[in-house]
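Presented below is the structure to which this report refers.
The values are calculated or read from the model by the stated rules, or taken from the named source; none is laboratory data. Predicted, not measured: the structure shown is a model, and the values here were computed from it. Please note: Cβ atoms are built from the backbone with ideal geometry, for glycine as well, and neighbour counts cover all protein chains shown.
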Amino acid sequence: MGVFSKVFSIVKGKANDAGLAYVDKNAIILLKQQVREAETAQREAKNSLVELMASKSTEEQKVQAFSDEINKYKTAAKKALEKGDNELAKETASKIAILINKQNEHQKTASNYGDHIEGLKEQVKDSQHVIDNINEQLAIVESTDKVQKAEAKIDQSMASNAASKSSALETLNKIKEKQQTFDNKVRAAKALDAETNGANLDEKLEQSGFLDNGQGSVSADDILAELKEE
């Protein structure tokens with residue numbers, strides 16, 4: 001797999017992953033690793049692009065060198081023709097032809113480099129844009145993850161607090177129930193004791209007016225009448 005293919009295979013689809021509102025800790029770690037891999041591949045791609053640009057410059061320099069040499073031999077061939085030395089002029093022309101053919105080869109190579117370089121520049125630019133976007137989304141994801149984990153912790157604490165309150169109320173109700181049961185037992189014991197000792201019957205007779213224990217109210221006239229009888 002080429003360097004540029006590697007870059008796009010790594011970053012492909014990662015923007016959608018980074019756009020998730022909530023991801024767990026392992027997913028964030030994985031995404032960070034994928035971003036690091038993409039950035040490494042991006043650096044390799046840039047280095048390869050620099051090498052291609054350097055190679056193109058080298059070929060262009062060779063083309064220029066051939067141009068200089070061709071011009072030199074053309075000048076020499078003209079001088080040979082001017083002096084009537086056609087054989088030397090033809091030999092020089094043959095040399096010029098060889099140089100032009102070699103120059104054309106290097107020019108073709110330089111042009112080929114140029115065509116690829118322009119396309120690769122666009123790929124590097126596009127992949128860098130994707131990586132930058134992922135890093136921005138990753139920052140949002142990490143921030144959201146921290147907030148949601150804090151919310152989850154708060155919710156857990158509130159739930160635990162609610163459970164503690166519920167448990168406390170339940171305990172309080174049980175205590176009140178036991179106290180009420182104790183009070184009921186005390187009342188029942190008193191009632192049973194009174195009934196057993198006949199006090200309950202006297203109470204009923206007094207309430208009905210059938211039994212006088214001599215504990216009614218006494219007036220001053222009653223006391224005077226009693227004194228007169230003595």
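Listing for the model above:
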read-out: Contacts under 8 angstrom Cβ, first residue in segment 31-60 being under 16 Å from I134 (Cα atoms), partner of a type outside the set (G, A, S) and not in a helix (DSSP H, G or I), 6 or more apart; value: L31/V23
read-out: Single residue of segment 99-131 satisfying the filter (polar (S, T, N, Q) and without any contact (Cβ under 8 Å) to a residue 40 or more places away in the chain) that is farthest from A65 (Cα to Cα); value: N112
read-out: Selection count, segment 117-154, where residues are of a type outside the set (S, T, Y), closer than 14 Å to A38 by Cβ and buried (at least 16 other Cβ atoms within 10 Å of the Cβ); value: 8
read-out: Helices (runs of 4 or more DSSP H) completely within segment 1-85 that count 3 or more residues being crowded, with 18+ Cβ neighbours inside 10 Å and either modelled with pLDDT under 90 or not small (G, A, S) (or both); value: 3-11, 25-82
read-out: Residue pairs meeting the criteria (Cβ under 8 Å; at least 6 apart or on separate chains; first polar (S, T, N, Q), in segment 135-163; second modelled with pLDDT of 75 or more); value: N135/V35
